[in-house]
Structures are given as structure tokens and as C-alpha cells.
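K.L.:
Below you'll find the structure I mean.
The values are calculated or read from the model by the stated rules, or taken from the named source; none is laboratory data. The model shown is predicted, which means the values in this text are computed figures rather than measured ones. Note: ideal-geometry Cβ built from the backbone for every residue, glycine included; neighbour counts use all protein chains shown. Please note that ligands, DNA and RNA were not included when accessible areas were found on the heavy atoms of the full protein model with its side chains. Shrake-Rupley method; radii C 1.70, N 1.55, O 1.52, S 1.80 Å.
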Amino acid sequence: MTKITFIGAGSTIFMKNIVGDALLTPALADSHFALMDIDADRLAESEMVARSMIKTLGTGAKVTTHTDRREALVGANFVVTAFQVGGYDPCTITDFDIPKAYGLRQTIADTLGVGGIMRGLRTVPVLWGVAEDMMQLCPDATLLQYVNPMAINTWALAERFPRLKQVGLCHSVQNTVHEMAHDLEIPQADIRYKVAGVNHVAFFTRLEQDMGDHTRDLYPLLRQGYASGALPKPPLLMPRCANKVRYEVMDQLGYFCTESSEHLAEYVPWFIKEGREDLIEDFSIPLDEYPTRCIEQVANWKEQAKALQTDSYTDGGIEVAKSHEFASELMNAIVTNQPYELYGNLPNTGQIPQLPMGAAVETPCMATSNGIQPTVVTDIPPQLVALMRTQINVQELTVRALVDETPEHIYHAAMMDPHTAAELDLRQIRAMVDDLLKAHGDWLPAFARKAKAA
């Protein structure tokens, strides 16, 4: 029986997608799902959903629940992580409110910028704890890491635990293909593409439609649609967040980014600027979007918690549908040796020679029983490489701060962030970081709590 341990299983919707996908996969349908979370109430609700899915599908799967992480990890073949250290309240609120007091406005704040740096400082030590336990309790297991900031986490895990089998997984590529198919009114299954870069700032270096006897380049259609005002159409996934930033970047740099416009707007220095409300309006940039989503998710969760008590859940009537996450196919490939191509985040060992070695990069990968092997990509246009390096600068300094326990690099990381540097001077950045470190307090590792005093 394959054992799949889910750390952060109180994230019930995501747990439902990953476990549901596995239950729909014959080689994984009878797995042991060890669900772990520190919130016993949320864990119990997730257990109910998992058991209902098993009942619906009639598989021989087993479910156990754990509030002790080490107990859940014993003998695991796969470990899935999906959690947010510090949650919306207090940590996300802090990540938005303090920068806003300095005039620095954000949209999502979970990947780059001061929000991404702080989240990395909070998250990496927890992931290191998971990795250390895995080395002791399930050293051959593969870690499927879904936690942001993805690149910082993946890089830091590889630095501290180079023998750990790990991959960072995201759904930005799949989501983007879905949106482009919607915009161009073509079947998603007909789109052929190649993507490479760093997580959330990777680009479609090839984008074509399979026409049967030939393929056609889709970039002219995207450019023409944007120039005429026909594109972007109202997005499917985030209806209030228009996709104009990505189209503008494509128009200027020549290629389409994998991450949504609300994310991309805060990774670069061009869109969120003091005194330029015209940019915010023209490009429909949703400031404070992530806190808004958190509030909505809490409300939606309360409604779902009520639904968990209905017969559709308790009597095995829950619908189980395939999601677009990579996890189940990846696990199936390792278990059965049936090759599967996915986009994964791995330390750069040469798969993107244009970017620094060791950085976490996102490329096509092939999964088999031998593990996850990245594809080498050598043809990223130089303007895209330059943009990716601005992201890597921040990621590397955050990783160095964590690995070397060097507080000064926390400030350096913020100083090198493109959006932060475009808005604040050096002394403002240092003062803002001081305030963030003080406010986060015990959510941070000990070395970071001493940063101001140092």
C-alpha cells in the first residue's frame, strides 16, 4: 500500500483535489492517506471529506489523521505540503499593513517583495523541519511541495538537505493555458507549448495550436487581439482581476508570462507607482487582492463546513472530479514507471544554463520510477533572462539569510526587490524591514528576531 502523507491537510479544498485525483488513479486508489494538521477541527472536516470520497468511489484506501507530524511521516512514499505559516491573521495582515504605511502597495505578497521575503523567513524553517523528519522516517520518499514562496522554499530545501527528493509544484502553467484557450476561443487540448524560467516568472517560449497537419503560432493572435482591444477577455479564474498586465508585458518583451496579472504587477517596477493612479486604473491592478481573497475564503469555508454535515458528505455522495494538479500523475509515474511530463521547480543543475546554478528554476520535467528529471532549456530570450535575474537576486539573498543566519541579508533582499526599490529609498526600506521583523516576532526564526539589534 502506497502511503501518501499530507502536511497541512486542514486545507480541505486542496486536500480534496490531491486525494481525489489519487483515488481516481488506479495505481494509487488503494493508498494509505495520512492526513496531518495542527488544527484538529479542520483536520476532522478533511477526514470526513476523504472518507466520503473513498466511499463514493469504492476503493480500498485507508485514512488516518494526525496532529503529530513525525507520526504521520513514518514509512511515507510521498509527502505533500500545503500550509501557510502564520495564516491570514496575523501574518498576512502584517505583510500588507506595514508596507502600506510606508507607501508600498502590494497585490498578493506571497512570492517576491517584502511580503514574499517575510513569508519565506516564516516558512522555510518549518519545511526544513519536515525535511529533517523525512530523512529520519522516510528517507526514500518524494516531497511534493506546494507552499509559497515556491522558489525560495525549493532553493533553501536543496541547500540544507541536498539528498532530499523534492519538487516544487504549481498550477500557474495550467491556469495560463486555460485562460489563453478562453481568450482565443480554441480547445485547450490543441495548445502546444514550452515554458521555462523561475516560478511565477516563467514564459511561454513556444506557443502553438495543433491544426492536424501543421501547427500555427498563437503569438500573432494574442498581439493582434491586445492591440485591437479585443483581448484580454474577462478572466475565468479571477473575474475581478483583469489580465492586462500580462498582455502589456507580452507586448513589450515579446512573450507571455505564466503568472496572473495581479501577481506579475508586484514583481516588476512598472505598474504600481505612487502618484500614478492612472496605471492602477488602466491596467486594472487589484491592490490588496490577497487579503480580500483570504476574507472570502474564510466565509466560504464556513459555508462548506456546514455542508460537511449533510448526507452528501457523510453517506458517500460527494462528487469526485479530476483536478489539473500534477501530483497524482507524478506519483503514478514513480509508482508504475509510466513516464509523465510535468512542469516542476528544481535546483538549477544546468537545465537553464542562462541562470545561476543552484537557483530554483521551472522547466519541463519527466517523471519515472527513477525520479524527476528536468529538461534542458537553452533558448530563453535575453530580455526574459534579465527579468528572471531580478527575481533570483531577491530569492538568493533570502536563502542566504536563512542558511547562513545572516540578518543583514534580509534587508539586502528587500533593497534588491524591483517593486520595493522603485518606491522607497534605502533608509525607508531598512526602517520598514525593522518594523516587519518586530511585528512578526516569534513567527520568525531566532536569528531574524535579532536583526534590528544587530
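K.L.:
Between residue 240 and residue 281, what length in nm is gained on full extension when 0.36 nm per residue of separation is reduced by their alpha carbon distance?
P.N.:
Result for the pair: 13.5 nm of gain on full extension.
K.L.:
While we're looking at this one, here's another question. As a test question: what accessible area, to the nearest 10 Å², does residue 295 have when a 1.4 Å probe is rolled over all protein chains in place?
P.N.:
Its heavy atoms expose roughly 100 Å² to the probe.
K.L.:
Right, another one. Hey, which of these cross-link pairs are over 20 Å Cα-Cα: 100/450; 194/322; 194/233; 273/438; 100/233; 16/62?
P.N.:
Values: 100/450 24 Å; 194/322 23 Å; 194/233 23 Å; 273/438 26 Å; 100/233 31 Å; 16/62 15 Å.
Over 20 Å apart, Cα to Cα: 100/450; 194/322; 194/233; 273/438; 100/233.
K.L.:
Determine which residues of region 31-51 fall in the zone a paramagnetic label at residue 1 would reach in this model, i.e. backbone nitrogen under 18 Å from the point 7 Å along Cα→Cβ.
P.N.:
31-36, 47-51
K.L.:
Taking the Cβ of residue 83 as the centre, find all other residues whose Cβ is under 14 Å away and add up their charges (Lys, Arg: +1; Asp, Glu: -1).
P.N.:
Here the charged neighbours net out to +1.
K.L.:
Would you kindly state how much longer the chain becomes between residue 376 and residue 188 on full extension, computed as 0.36 nm times their sequence separation minus their alpha carbon distance, in nm to one decimal?
P.N.:
Here the segment from residue 376 to residue 188 would lengthen by 65.2 nm.
K.L.:
At 1.4 Å probe size, with every protein chain present, just tell me what the per residue accessible area of the chain comes to in Å². Intermediate values should be presented prior to the final figure.
P.N.:
Numbers: 18040 Å² over 454 residues.
Accessible area per residue, the chain: 40 Å².
K.L.:
Rounded to the nearest 0.05, what FRET efficiency do residue 403 and residue 70 give with R0 = 22 Å and r taken as the Cβ-Cβ distance? Could you check? Could the numbers behind the result be given before it?
P.N.:
Numbers: r = 24 Å, r/R0 = 1.07.
Computed FRET efficiency for residue 403 and residue 70: 0.40.
K.L.:
Kindly provide the helix-only [θ] at 222 nm of the chain, computed as the sum of -39,500 (n - 2.57) over DSSP H runs of four or more divided by all residues, to the nearest 500 deg cm²/dmol?
P.N.:
-14500 deg cm²/dmol
K.L.:
Let me ask something else about it. Taking GluC sites (Glu not before Pro) that fall in a DSSP loop and have at most 15 other Cβ atoms within 10 Å as cut points, what is the longest piece of the chain between them?
P.N.:
In short, 1-184.
K.L.:
Looking at the chain, do any whole DSSP H helices span at least 24 angstrom along their long axis by alpha carbon and average -0.5 or above on Kyte-Doolittle, and which? Display every interim value, and only then the final one.
P.N.:
On the way: long enough: 40-57 (26 Å, -0.01); 113-137 (35 Å, 0.62); 289-307 (27 Å, -1.12); 382-404 (31 Å, 0.39).
Within the chain the helices that satisfy the rule are 40-57, 113-137, 382-404.
K.L.:
On to the next question. For residue 417, what charge total do you get from the other residues with a beta carbon under 11 Å from its beta carbon, if Lys and Arg give +1 and Asp and Glu give -1?
P.N.:
Counting the neighbours of residue 417, the net charge comes to -2.
K.L.:
How big is the dipole moment of region 222-335 about its Cα centre under a simple scheme where the beta carbon of each Lys and Arg is +1, that of each Asp and Glu is -1, and everything else is neutral? Debye, nearest 20, please.
P.N.:
Details: 11 positive and 19 negative charges, 48 e Å.
Rounded to the nearest 20 debye, it is 240 debye.
K.L.:
How much of the DSSP bridge set in the chain is antiparallel, in percent, rounded to the nearest 5?
P.N.:
55
K.L.:
A follow-up question, please. Run the simple label-point estimate for residue 39 and residue 386 please: 7 Å along Cα→C-beta, distance reported in nm.
P.N.:
Going from the residue 39 label point to the residue 386 one covers 4.4 nm.
K.L.:
May I pose another question? If 122, 223, 400 are ordered by their accessible area, calculated over protein heavy atoms with a 1.4 Å probe, which sequence runs from highest to lowest? If you can, show how the numbers build up before the last one.
P.N.:
Numbers: 122 5, 223 90, 400 55 Å².
These residues rank, largest area first, as 223, 400, 122.
K.L.:
Carbon and sulfur: what percent of region 198-344's accessible surface (1.4 Å probe)?
P.N.:
50
K.L.:
A further question follows. Assuming R0 = 41 Å, what is the FRET efficiency of residue 136 and residue 273, from their Cβ-Cβ distance, to the nearest 0.05?
P.N.:
E(calc), rounded to 0.05, equals 0.25.
K.L.:
Further question on the same structure: Give the distance, in whole Å, between the Cα centre of region 347-425 and the Cα centre of region 1-76.
P.N.:
32
K.L.:
What distance in nm lies between label points placed 7 Å from Cα along the C-beta direction at residue 29 and residue 304?
P.N.:
Calculated label separation equals 2.5 nm.
K.L.:
According to the square roots a ≥ b ≥ c of the eigenvalues of the Cα gyration tensor, what is the shape class of the chain, taking rounded for a/c under 1.5, prolate for a/b larger than b/c otherwise, and oblate for the remainder?
P.N.:
rounded
K.L.:
If you don't mind, another one. So how far apart, in nm, are the two label points at residue 295 and residue 215 if each is 7 Å from Cα heading toward Cβ?
P.N.:
Going from the residue 295 label point to the residue 215 one covers 4.5 nm.
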